[in-house]
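Everything below concerns the one structure shown next.
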Amino acid sequence: MKRPKKNVPTRFASETRFAVNPVPTAPFRGTHETELERLKNRLLRELIASAPTPDLYAPLRRAGNEAAALAWGTSFPLLVLPELLREKAEEARQYTRKQASLLKSKTPAMGHAA
């Protein structure tokens, strides 16, 4: 028992278009990010130029990256970065001095063991 096919005419309403204006969930970071990077690089150049030994270059760069990352999480990263970098740079200097003194104190003992 086959039923005969019945064609149903289809009618569609005219197309409706909506104007969509997306609202960004966060402010655009591009310009602030480049300004923050420029400030970080300028401050790092000053710190590295005043570094007494090349041993401090890498720790100072790490301190700069950490300070920039922390500053970016604040409301005013460009204002916060210089002070954060100063604190992180001082921590890096202290760490480097401590490591150098430990290395100096361990070196003679290691020479006698051989």
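What the table shows:
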read-out	value
Total charge dipole magnitude, the stretch 54-104, about the Cα centre, Cβ charges on Lys, Arg, Asp, Glu only, Debye to nearest 20	240 debye
Sum of side-chain charges, LEU84 neighbourhood, beta-carbon under 12 Å (Lys, Arg +1; Asp, Glu -1)	-2
Qualifying trypsin sites (Lys or Arg not before Pro) in the stretch 11-102, DSSP loop, other Cβ atoms within 10 Å at most 10	ARG11, ARG17
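Every read-out reported here was derived from the displayed coordinates using simple, explicitly stated rules and does not represent laboratory data. Since the model is a prediction, treat every value here as computed from it, not as a measurement. Cβ: placed from backbone, ideal geometry, glycine included. Neighbour counts: every protein chain shown.
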